[in-house]
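Colleague: Pasting a structure here, questions to come.
The values are calculated or read from the model by the stated rules, or taken from the named source; none is laboratory data. Keep in mind that what you see is a predicted model, and the values were worked out from it rather than measured. Don't worry about glycine lacking a Cβ; one is built from the backbone with ideal geometry, like all the others, and counts go over all protein chains shown.
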Amino acid sequence: MAWFNEQRERGLSPATLRSRRIALRNFYGWLHEEEELDANPMAKVKVPKKSMPVPLKSPAYHPGRRGSIAATWPVPEEGQ
């Protein structure tokens with residue numbers, strides 16, 4: 001865990017730290033499966049959940065608004 005703390009102190013983003021934890025967990029898991037290690041030292045290390053950004057509503061997708069992508073979509077004729 002000291003290495004992860006050093007990486008965090010270097011200013012790496014949470015997404016990069018998460019990716020590195022997952023890579024190490026998978027690598028050690030593979031070594032354990034190949035019987036190169038007796039146990040996976042990363043097995044109990046929790047990986048933080050990926051945070052989801054709040055979606056922004058884009059004016060480009062509002063039907064009926066001038067300049068909107070949705071306003072330029074063809075409207076199907078009745079009966080089609």
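Colleague: List the pairs whose first member sits in the stretch 9-20 and is under 13 Å from K50 (Cα atoms), whose second member is among the β-branched types (V, I, T), and whose Cβ atoms are under 8 Å apart, counting only residues at least 6 apart or on separate chains?
Modeller: R18/V47
Colleague: Go through the residues of the stretch 62-74 one by one and say whether even a single one is among the hydroxyl-bearing types (S, T, Y), part of a loop (DSSP other than H, G, I, E, B) and modelled with pLDDT of 80 or more.
Modeller: no
Colleague: Okay, moving on. Can you confirm whether R8 is in contact with a helix residue (DSSP H, G or I) (Cβ under 8 Å, 6 or more places away or on another chain), part of a helix (DSSP H, G or I) and at pLDDT 90 or above?
Modeller: Here the answer is no, as R8 does not meet what is asked.
Colleague: Let me confirm something: among K57, K44, which residue is out of contact with any strand residue (DSSP E or B) (no Cβ under 9 Å at 6 or more places or on another chain), at pLDDT 85 or above and assigned to a loop (DSSP other than H, G, I, E, B)?
Modeller: Just one listed residue meets the conditions, K44.
Colleague: Separate question: Condition first: farther than 18 Å from A2 by Cβ and not small (G, A, S). Now tell me which residues in the stretch 15-26 satisfy that.
Modeller: Matches in the stretch 15-26: I22, N26.
Colleague: Pairs only if they're at least six apart or on different chains, beta carbon under 9 angstrom, first in the stretch 31-53 and farther than 16 Å from S19 by Cα and free of Cβ contacts under 8 Å to residues at least 24 places away in the same chain, second among the charged types (D, E, K, R) and assigned to a helix (DSSP H, G or I); list them, first residue then second.
Modeller: From residues that are farther than 16 Å from S19 by Cα and free of Cβ contacts under 8 Å to residues at least 24 places away in the same chain, the pairs are N40/R25; N40/E33.
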